1. Run Leu423 past the list (1) touching a strand residue (DSSP E or B) at 6+ places or on another chain (Cβ under 8 Å); (2) over 23 Å from Thr328 (Cβ atoms); (3) of a type outside the set (D, E, K, R) and report the number of the one that doesn't hold.
2. Which residues, counting only those in the stretch 371-393, are charged (D, E, K, R) and more than 15 Å from Gly536 (Cβ to Cβ)?
3. Tell me, which residue of the stretch 147-162 that is more than 18 Å from Leu100 (Cβ to Cβ) and surrounded by fewer than 18 Cβ atoms within 10 Å (Cβ to Cβ) is modelled with the lowest pLDDT?
4. Only one of these conditions is not met by Phe200: (1) at pLDDT 80 or above; (2) within 30 Å of Ile283 (Cβ to Cβ). Which number is it?
5. Select from the stretch 516-525 the residues that are out of contact with any strand residue (DSSP E or B) (no Cβ under 6 Å at 6 or more places or on another chain) and crowded, with 18+ Cβ neighbours inside 10 Å and list them in ascending order.
6. Does any residue of the stretch 542-558 turn out to be surrounded by fewer than 20 Cβ atoms within 10 Å (Cβ to Cβ), farther than 23 Å from Pro324 by Cα and at pLDDT 95 or above?
7. Which condition number does Thr137 fail, the rest of (1) in contact with a Phe, Trp or Tyr (Cβ under 8 Å, 6 or more places away or on another chain); (2) surrounded by fewer than 12 Cβ atoms within 10 Å (Cβ to Cβ); (3) over 27 Å from Asn80 (Cβ atoms) being met?
8. Among the residues of the stretch 388-406, write down those that are touching a strand residue (DSSP E or B) at 6+ places or on another chain (Cβ under 9 Å) and not acidic (Asp, Glu).
Amino acid sequence: MKRTAKEKSESWARITRRGLILGGVQLGFASALAMRMRYMQVDQADEFRLLAEENRINLRLIPPSRGQIFDREGRVIAANEPAYRITMVREEADDVDAVLDRLAQLVSLDPDEIERAKAEMARSAPFLPVSVADRVTWDEVSRVAVNAPALPGITPEVGLSRIYPHRETFAHVVGYVGPVSERDLARYEEPEPVLRIPRFQIGKVGVERNYEEQLRGRAGAKRVEVNAVGRVMRELDRREGEAGSDVQLTIDVELQNYIRARLGEESASVVVMDLAEGDLTAIASSPSYDPNKFVRGISVADYGIYRDNIRRPLASKAVQDAYPPGSTFKMITALAAMDAGVVSPSETVWCPGHLTVGGRRFHCWKRAGHGWMNLEQSLRESCDVYYYDLALKVGIEKIAETARRLGLGEVHDIPMSAVTDGLIPDKDWKRINRGAGWVIGDTVNASIGQGFVLSSPLQQAVMSARLATGRSISPRLVKSVDGVETPGRPGEDLGFNEAHLARLREAMFSVSNNRRGTAYGSRIIDDAMRMAGKTGTSQVRNITAAERARGVVRNEDLPWNRRDHALFVNFAPYEAPRIAVSVVVEHGGGGSSAAAPIARDVTLQALFGGDPPLEAYPTKDRDRIRELQERLAAEREERLKSAQSRA
């Protein structure tokens with residue numbers, strides 16, 4: 001049927017309206033698309049360009065070279081050495097077990113390490129390298145490189161690892177490094193990214209830990225191009241890191257090595273302190289351990305040997321352990337009494353071998369007693385009753401205050417681990433910590449360094465240094481960091497009466513140089529080097545009345561861990577003091593027999609800067625000293641050669 005003109009006109013009108021609507025919608029969509037494209041291409045161009053660049057380029061950290069540690073003369077104590085390892089990329093290896101079997105024919109592989117590596121590969125991306133052998137030799141690296149075609153996915157790598165060339169000698173001072181653990185990360189609020197690098201090493205104890213920030217340095221970075229799945233295609237550029245700061249200690253390598261050789265496997269500690277600036281020229285604990293075993297993670301067997309040794313090689317005895325100071329504390333009781341004006345050096349006290357206080361008998365070490373004793377005689381012969389009497393007159397508060405002024409009961413600021421504050425008790429301490437009142441017997445015990453009193457060998461050395469100088473001298477262990485000197489600690493005047501200090505020094509001189517002195521057998525003959533000192537013997541067990549009645553069992557007849565501790569403190573030369581020394585021999589018996597000879601030998605070694613002439617020793621000792629020097633010289637030479645080869 002033919003449409004009319006009117007119908008045609010209406011039809012065209014409808015088509016036009018629909019076309020306009022459709023065209024408008026299309027135009028609106030195109031406009032919105034264009035605006036979105038403009039927004040993304042123009043307004044957000046920088047952001048998307050950055051995202052694309054980050055997709056294509058990754059930034060990876062380069063571990064910094066750790067700072068080295070040196071002794072006071074610039075000799076290396078802790079260094080870095082090339083460490084070779086072998087890594088595997090799982091996706092390149094295809095058959096991991098087959099490749100590892102072939103690798104095992106070229107390199108000695110630890111089964112435990114291989115299991116660990118397989119577990120790490122299973123939870124890591126297939127293109128990431130995983131270490132399968134650590135600390136391999138250059139020969140092993142060469143064999144792997146030559147056989148590379150038969151070892152797909154295997155790559156030898158080189159990095160730096162810590163090494164301690166003197167091994168046991170500085171273990172307790174320097175400490176060691178080890179791989180970062182979750183516990184280490186918890187020490188930081190915001191751990192640096194470098195700490196998350198696999199097997200990155202940080203300080204665990206000692207100077208390594210306390211100077212971690214300075215020794216670590218700053219990480220470098222490299223930009224690498226990666227493909228869509230994150231696999232490295234090529235390295236674009238590299239910015240090397242900033243090496244850590246070098247740290248120089250006040251310790252003298254040769255003196256420290258001598259002390260280690262002199263102590264042998266004795267359970268003992270020695271501290272040597274220079275009196276000019278407070279420098280610790282030696283601080284040794286024995287027996288010790290090899291810190292190199294901890295760098296990559298010590299084995300269970302090796303750790304068990306250290307842990308189960310009753311002489312505790314892992315303990316830093318010089319600063320960590322606190323012992324009853326025994327008779328070395330008597331100088332404090334005497335100085336407190338003179339300072340309080342309750343006694344003069346010439347006054348005498350009768351010693352019948354005991355003193356009864358509050359219905360309890362306190363014994364002198366000499367059962368028959370010493371008779372009449374003045375200050376010099378009592379210190380020279382170490383009469384206990386004299387100091388019991390002084391303590392009753394002066395009281396515990398004055399004794400405690402004097403002890404603290406002389407450096408006991410104080411945590412000295414040196415970068416070693418677990419530095420103890422010891423214990424100087426008083427009435428408040430006992431009330432707060434023991435929930436009991438102070439009794440007169442506590443004061444009597446404290447007067448001779450027993451009872452609650454505890455001090456470390458480091459504190460004993462500080463005490464001796466302050467008695468020798470009259471200054472509040474404090475120990476310094478770090479001499480400089482990156483060549484910048486650390487301030488010395490010579491201290492200020494302590495405010496004690498110089499006449500009182502002089503009388504104490506004279507009494508200490510008699511201990512070592514008077515025939516009746518407890519350390520006369522360990523005296524120094526050289527007039528210019530003579531020392532002033534004090535022996536100490538501290539009990540680790542109670543002696544019952546029944547045992548006293550039948551005769552006290554001798555130390556040598558007791559099990560080792562029930563014998564008395566032996567102590568000795570001294571300064572030298574007497575006329576112009578340069579050094580202070582403290583020695584503690586655990587369960588060594590008497591201070592005169594066990595600790596004083598070690599202190600005398602160490603003192604001479606420090607003053608002469610090497611083996612002293614035999615003329616400095618008593619005639620009766622010279623043959624023994626000659627043999628000892630020859631043996632120790634051979635041991636020191638072997639240690640130094642080993643240290644130099646390892647460095």
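The values are calculated or read from the model by the stated rules, or taken from the named source; none is laboratory data. If you're wondering where the values come from, they're calculated on a predicted model, not measured in any experiment. A quick note on method: Cβ atoms are made from the backbone with ideal geometry, for glycine too, and the neighbour counts reach across all protein chains shown.
1. Result: Leu423 passes all but (2).
2. Glu376, Asp389, Lys393
3. Gly159
4. Failed condition: (1).
5. Gly517, Ser522, Arg523, Ile524 - these are the residues of the stretch 516-525 that are out of contact with any strand residue (DSSP E or B) (no Cβ under 6 Å at 6 or more places or on another chain) and crowded, with 18+ Cβ neighbours inside 10 Å.
6. Taking the stretch 542-558 as the starting set, the residues that turn out to be surrounded by fewer than 20 Cβ atoms within 10 Å (Cβ to Cβ) are 542-558.
Then keep just the ones that are farther than 23 Å from Pro324 by Cα; that gives 546, 549-551.
Checking the rest, the ones that are also at pLDDT 95 or above come to none.
So far as the stretch 542-558 goes, no, none of its residues is surrounded by fewer than 20 Cβ atoms within 10 Å (Cβ to Cβ), farther than 23 Å from Pro324 by Cα and at pLDDT 95 or above.
7. Only one criterion is unmet by Thr137, namely (3).
8. If the condition is that a residue be touching a strand residue (DSSP E or B) at 6+ places or on another chain (Cβ under 9 Å) and not acidic (Asp, Glu), then Tyr388, Leu390, Leu392, Ala403 are the ones that fit.
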